[in-house]
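Working notes, beginning with the structure itself.
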Amino acid sequence: MTANATHRPTSAALGGPAASSAGLALRSATKRYGAETVFTDLDLTVDNGSFTVLVGPSGCGKSTCLRALAGLEALDAGQVLIDGVDVTRLPARARGLSMVFQDFALYPHMTVEQNVTFALRLQARHSRRGAGPDRAEIRRRCAEALTLLELDGLEQRRPAELSGGQRQRTALARAIVRRPRAFLMDEPLSNLDAQLRGQTRTQLARLHRRLGTTFLYVTHDQVEAMSMATRLVVLNRGEIVQAGAPEDVYERPVDTFVARFIGSPPMNLATASVTGRGDVSGDGLSGRIEAAGAAGQVTIGWRPAVATSDSTPGVDVTGRVDVVENVGEDRLVTALTPGGTAFAALLKPGTHPGVGAEITVRVPASGLHVFDHRTGRRLPAPG
């Protein structure tokens, strides 16, 4: 899909977000599978019109949240709300939501056009006279969706004749023509190669902007999450650990789990001892920090990209180079402290340490994160 939106259908042409988009919520939700509890007393809010991404490791409950909202899984306790209305007992077909699955779920014997219009044709067939869309309306919606997703001319192809990206866009078109109140997407890009995933992330963000409809997206890939979300929800072991704008979650992780999970490469973490004055000592560490309640043993964190070699006040980290990776103009260096703890530093052009060389990088005070060593929770800045 190109960046040029000229002559593409707008959200108004496709039904308009104002009349259809909806906010979603789980309230005091509990879900169990036999003896296994996925989540207990969970509260999740998806704002109307947002692109909310649920991200977390496998088994954290993110897909179960999605399926519970869609009506594909029944809660053991709690409520499902759409625009504040309790729909917990409504079947999936009555909730006005569209799902896009990981495997796209296309019928192999049907053409693109037939796949895209399948749900509408069923609706027209089983609705009372005049209640469902007529043939002309179905054709119009299909044409608009295919044009929006640049599938023009592929109407008569079957899934086997499409690329992975075209199959993914066909699944999206099928969701769009239904004019849902929200789109629910369960890892729809995981079957695509790296280059196509990058292209499709851009397409999805653009699609959300054009339609203005609520998107709820599930992924374990934090790069996908950071690049598309207007709101990020990080889950772990059935609990919401942190929720907010992607840049806030990245810049101020609430604990060491979020610090390591969000960001690529992940944040470095190291154990250090801190005096009341803020002097830092540890395995390969020396310098000063400022954080309320930081005296004693703490965990300090820093992003690989913030490491520098200048005299900015902060903490020095020393180690021997173990691996050097070329990442464009920069070098991603993994080094080992004297005690064997690995840390990563993204070094700028012109810095080329060899394997085995000793390096010392300075982490500026502005790039330091300090966490309670026992709980892993972020410690506040002084004052």
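Odds and ends about this structure:
- Condition check for Val333: of a type in the set (A, V, I, L, M, F, W, C) and under 28 Å from Gly296 (Cα atoms): no
- Yes/no for Arg231 being at pLDDT 95 or above, charged (D, E, K, R) and either farther than 22 Å from Arg206 by Cβ or not assigned by TED's automatic domain parsing to the domain that holds Thr45 (or both): no
- Among the residues listed as Arg67, Arg27, the single one being surrounded by fewer than 19 Cβ atoms within 10 Å (Cβ to Cβ), charged (D, E, K, R), under 24 Å from Arg197 (Cα atoms) and modelled with pLDDT of 95 or more: Arg67
- Among the strands (runs of 3 or more DSSP E) confined to the range 252-336, the ones with at least 2 residues that are farther than 30 Å from Pro57 by Cα are located at 268-274, 279-282, 285-288, 314-327.
- Qualifying residue in the range 48-61 (condition: in contact (Cβ under 8 Å) with a residue 12 or more places away in the chain, buried (at least 17 other Cβ atoms within 10 Å of the Cβ), out of contact with any helix residue (DSSP H, G or I) (no Cβ under 7 Å at 6 or more places or on another chain) and among the small types (Gly, Ala, Ser)): yes
- Selection within the range 236-255 - touching a residue at least 60 places away in the same chain (Cβ under 8 Å) and crowded, with 23+ Cβ neighbours inside 10 Å: Pro253
- Of all residues in the range 73-100, those satisfying the criterion of being of a type outside the set (Ser, Thr, Tyr), touching a residue at least 24 places away in the same chain (Cβ under 8 Å) and farther than 22 Å from Asn236 by Cα are Leu81, Ile82, Asp83, Gly84, Arg95, Gly96, Leu97, Met99, Val100.
- Selected residue (criterion: surrounded by the fewest Cβ atoms within 10 Å (Cβ to Cβ)) from residues of the range 148-168 that are in a helix (DSSP H, G or I) and free of Cβ contacts under 8 Å to residues at least 60 places away in the same chain: Ala160
The values are calculated or read from the model by the stated rules, or taken from the named source; none is laboratory data. Fair warning: this is a prediction, and the values are worked out from it, not measured in the lab. Glycine also receives a Cβ, built like all others from the backbone with ideal geometry; neighbour counts cover every protein chain displayed.
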